[in-house]
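Right, one structure below, let's go through it.
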Amino acid sequence: MRFAGKVAVVTGAASGIGKAAVLKLAGEGAHVFAADIDEAGGQALAAASNGRIEFIRCDVTVASDIEALMNEAAKRGGGIDIVFNNAAAGGDRAPIDEITPDGWDWTMNLVLKSVAMGIRYAAPHMKGRKGAAIVNTASVAALGAGYSPTAYAVAKAGVLHLTKVAATDLAQYGIRVNAICPGFINTNIFTTSLEVPDESKDAAKAVIAEMSAHAQPVARGGQPDDIANAVAYLASEEASFMTGTHMLVDGGLTIGQRHAW
Ligand code: NAD
């Protein structure tokens, strides 16, 4: 029960990594405000929680939605101790020589500005609270160029640097800020969440299957709980000496696979 008495806010809470993190935090005692644009998914999560999880609708591409989310969570919870800025989707999939200005802006807004505004509007409610911690979802795409579409990769790299800068800004208030970098994790982001044609979804599923089978040292598919466990650690007092850094949870994907020669 590492989070007994803590108030947490999680975005992208209705599915995948966010949902697993909500259940992990609530399972260890937190009162969790679960935010998403998926109202049915968010409400279902809350309904099954005996009051420990409350759903608040929030579109993280709308700054005023994020401001309202943090204000409402702080009002109902009496403050905020933990924030997991996690919501995102794949964004514009075009390469750099084809992407449009609008596609670029949409992706930066969805993947990077959303996290910046999450920190911006949560921090005032977290100042001075013992063990206050923010965790942001980056990606292996922030560390290597070939793991994702172009704009998403750049935005996730921005999330990593934002994490460092925010950690320096907020240290004076006792707020730690860290990021996680998931590898390929079996979630809806490769299927229903992506606004892509079916053939691209099939290609994404094939990549996941390949990763699971042999392309990374830990030869199984990454699961949302693999990431939720890391998020819980970073949000807990066990990580009280960690700020401005990231945890890579990728089954060894980025160290590469040994090839016989
Ligand atoms: P998912 O599609 O299962 O969950 C994403 C959730 O975010 C959904 O519930 C969706 O409704 C919500 N969401 C999407 N746009 C939103 C918006 N504008 N406002 C509020 N909520 C919104 O995907 P996931 O894999 O769990 O993704 C969670 C995070 O993990 C994302 O930041 C993603 O970029 C990151 N990530 C995922 C992987 C992976 O392999 N699955 C790898 C690296 C990073």
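Laboratory data are not the source of any read-out in this text; all were calculated from the coordinates shown. Treat the numbers as computed from the prediction; the structure is a model and nothing was measured. Note that we place each Cβ from the backbone using ideal geometry, even for glycine, and neighbour counts take in every protein chain shown.
Excluding T163 itself, calculate the net charge of residues whose Cβ lies under 15 Å from the Cβ of T163, where each Lys or Arg counts +1 and each Asp or Glu counts -1.
Neighbourhood net charge equals +4.
Under a Cβ-Cβ cut-off of 13 Å, what is the net charge of the residues other than N109 that fall near it, where Lys and Arg count +1 and Asp and Glu count -1?
Around N109, the surrounding residues sum to -4.
With a 10 Å radius around each residue's Cβ, average the other Cβ atoms per peptide and rank 54-66, 231-243, highest first.
The most tightly packed comes first, giving 54-66, 231-243.
Can you tell me the Rg and Dmax of the chain, counting just the alpha carbons, in angstroms?
So, for the chain, Rg and Dmax equal 17.6, 61 Å respectively.
Ignoring everything except DSSP H segments at least 4 long, calculate the 222 nm mean residue ellipticity for the chain; use -39,500 (n - 2.57) per segment, divide by total residues, nearest 500.
Values: 8 runs with 99 residues, N = 261.
Computed mean residue ellipticity for the chain: -12000 deg cm²/dmol.
Take each of the peptides 98-106, 124-132, average the number of other beta-carbon atoms within 10 Å over its residues, and list them starting from the highest.
Most protected by this proxy first, the peptides run 124-132, 98-106.
Helix 63-77 versus the longest principal axis of the chain: what angle, 0 to 90°, nearest 10, using Cα atoms?
Value to nearest ten degrees: 40.
Would you be so kind as to identify which of I17, I134, L110 lies farthest towards the positive end of the dipole of the chain, taking Lys and Arg as +1 and Asp and Glu as -1 on Cβ and the Cα centre as origin?
Result: I134, furthest along the dipole toward the positive end.
For the chain, what does the relative contact order come out to in percent, with C-alpha contacts under 8 Å and a separation of six or more?
19
Given a Förster radius of 22 Å and the C-beta distance between Y173 and R76 as r, what FRET efficiency does 1/(1 + (r/R0)^6) yield to the nearest 0.05? Write out the running numbers ahead of the final one.
Working: r = 22 Å, r/R0 = 0.99.
FRET efficiency, Y173 to R76: 0.50.
Using a Cα-Cα cut-off of under 18 Å, which aspartates and glutamates could be cross-linked to K113, ignoring same-chain neighbours fewer than 8 residues away?
Answer for K113, where 18 Å is the Cα cut-off: D36, D59, D65, E67, D92, D102, D105, D169, listed by chain and number.
Determine the sum of side-chain charges near G27: Lys and Arg each +1, Asp and Glu each -1, restricted to other residues whose C-beta is under 15 angstrom from that of G27.
+3
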